[in-house]
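Down below is the structure, laid out as structure tokens.
The values are calculated or read from the model by the stated rules, or taken from the named source; none is laboratory data. In this text, all values refer to a predicted model and were calculated from it rather than measured experimentally. Every residue, glycine as well, gets a Cβ built from its backbone with ideal geometry; the counts of neighbours run over all protein chains shown.
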Amino acid sequence: MARMPTFFISHGGGPWPWMPDWRTQFAPLEASLVDMPGQLPERPKAILMISGHWETDAFAVMSSEKPPMVYDYTGFPPETYAVTYPAPGAPDLAKQTASMLADAGLPTRLDTEIGFDHGSFVPLALMYPEADVPVFQVSMHQSYDPAKHFALGRALAPLRDQGVVIIGSGLSYHNLRLMNETARVPSEVFDAWLNDALALPPEQRTNALEQWESAPYARTCHAKEDHFVPIFAALGAAEQDQAARIYHQKGIFGGVTASGFRFG
């Protein structure tokens, strides 16, 4: 079985694919997500998502056979609370994953109740609209500690050789209080730093990402880094692999620049 790449993607804003005006605005993002299955060496056995919308006091692993929906957004049209993404879970892989994390000395547990949050079902609905690829999630650790999440990625890396695609789903810019024109300079400068950092040799790249708070406008772009943390896991699982930018868009909501990346 071929080794799968890993990804850090933007999942856009709320349930945008089901809102025509927003879907038009995010057309470049949609194109990049639709293209992702074609970047894989073969059809995946499963998809493992680390979403910026699920954090716990451990690296919890979704283990339901049929994960429910989690509508973790507010103020959107009623029809967006009826969206379903009925992909099967991957309970056997979930158990294996929890065992791998425990063997690596990381706090973990199985979660039989949690469902797909919009950091997962939104991009997946565009990547695999038939919902016919098994999906499971691993939570972020609530500490947001970069080193811990790099360790998570390293522990998950063997799954790549079992046909599992590891996707960190967040946003390269996430400050809902600073949008429109006021976001233009901070997001452009931070995005350029991120692109340059990911082009560094592996050891330097890991160090740069672990020290991300020293990047220009880092805390302006991520006052709370929940949407940036998934990149650490995705990169940790592909620490020696080259990065390729697969999505880049400027002027989102009148000023935001955002990017997405593939590793390997």
*Any idea how many residues of region 96-111 are surrounded by 14 or more Cβ atoms within 10 Å (Cβ to Cβ) and either outside any helix (DSSP H, G or I) or touching a strand residue (DSSP E or B) at 6+ places or on another chain (Cβ under 6 Å) (or both)?*
10
_Could you check region 209-250 and list, in sequence order, the residues that are within 16 Å of PHE190 (Cβ to Cβ), of a type in the set (A, V, I, L, M, F, W, C) and surrounded by fewer than 18 Cβ atoms within 10 Å (Cβ to Cβ)?_
ALA223
_So the check is Cβ under 8 Å with 6+ separation or different chains; which pairs have a first residue in region 153-172 that's more than 15 Å from HIS11 (Cα to Cα) and a second one that's buried (at least 24 other Cβ atoms within 10 Å of the Cβ) and modelled with pLDDT under 95?_
none
*Sort through ALA90, ALA155, ALA151 and tell me the only one that's modelled with pLDDT of 95 or more and farther than 30 Å from TRP193 by Cα.*
ALA90
_Enumeration of residues in region 79-95 that are within 18 Å of ALA58 (Cβ to Cβ) and surrounded by fewer than 17 Cβ atoms within 10 Å (Cβ to Cβ)_ = LYS95
*When region 64-95 is examined, which residues are found to be in contact with a helix residue (DSSP H, G or I) (Cβ under 8 Å, 6 or more places away or on another chain) and assigned to a helix (DSSP H, G or I)?*
GLU79, THR80, LEU93
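Within region 143-160, identify whether any single residue is of a type in the set (D, E, K, R) and in contact with a Lys or Arg (Cβ under 6 Å, 6 or more places away or on another chain), and answer yes or no.
yes
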_Any residue that is part of a strand (DSSP E or B) and not polar (S, T, N, Q) - is there at least one of those in region 28-47?_
yes
